[in-house]
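What follows is a set of notes on a single structure, which appears directly below.
The values are calculated or read from the model by the stated rules, or taken from the named source; none is laboratory data. Quick caveat: nothing in here was measured; it's all calculated off a predicted structure. We place every Cβ from the backbone using ideal geometry, glycine too, and count neighbours over all the protein chains shown. These accessible areas exclude ligands, DNA and RNA; they are computed on the full protein's heavy atoms, side chains included. Shrake-Rupley method; radii C 1.70, N 1.55, O 1.52, S 1.80 Å.
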Amino acid sequence: MQVEITITNPAGLHARPAAEFVKRAKASSSKITVTANDKTVNAKSMLGILKLGATQGTTIAIEIDGDDADQVITDFTALLSVEG
């Protein structure tokens, strides 16, 4: 399953939001990859997520291969759309 999400969180995927993103990815048994700015990385890699350079307004593609894909999408959408 693949979904595209535009980051509305003012912090983008830096520091704390990236750490929370990776934490949620690691809690999943699914294989999860994230694509942004012509780079594709493992969602369970903090360094990989930071290398994406995903800021507020960036649209990322998340590909999930596993049984909990719907829950992963719900979690990531909520995290990336947090305001403030």
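For segment 37-82, go through all pairs of different Cα atoms, get the mean of 1/r, take its inverse, and jot down that Kirkwood value in Å.
By the Kirkwood definition, the hydrodynamic radius is 11.7 Å.
Length gain on complete extension for the stretch GLU4 to ASN42, per 0.36 nm per residue less the alpha carbon to alpha carbon distance?
12.1 nm
Working only with C-alpha atoms, what are the Rg and Dmax values of the chain, expressed in angstrom?
11.1, 32
Which of the GluC sites (Glu not before Pro) found in the chain are loop residues per DSSP with 11 or fewer other Cβ atoms within 10 Å of their Cβ?
Of the GluC sites (Glu not before Pro), the ones in loops of the chain whose Cβ has at most 11 other Cβ atoms within 10 Å are GLU83.
Using a simple spin-label model with points 7 Å from Cα along the Cα→Cβ vector, what separation in nm is obtained for VAL82 and ALA61?
2.7
Tell me the per residue accessible area of segment 14-84 using a 1.4 Å probe; a whole number in Å² is fine.
Here the residues of segment 14-84 average 55 Å² of exposed surface.
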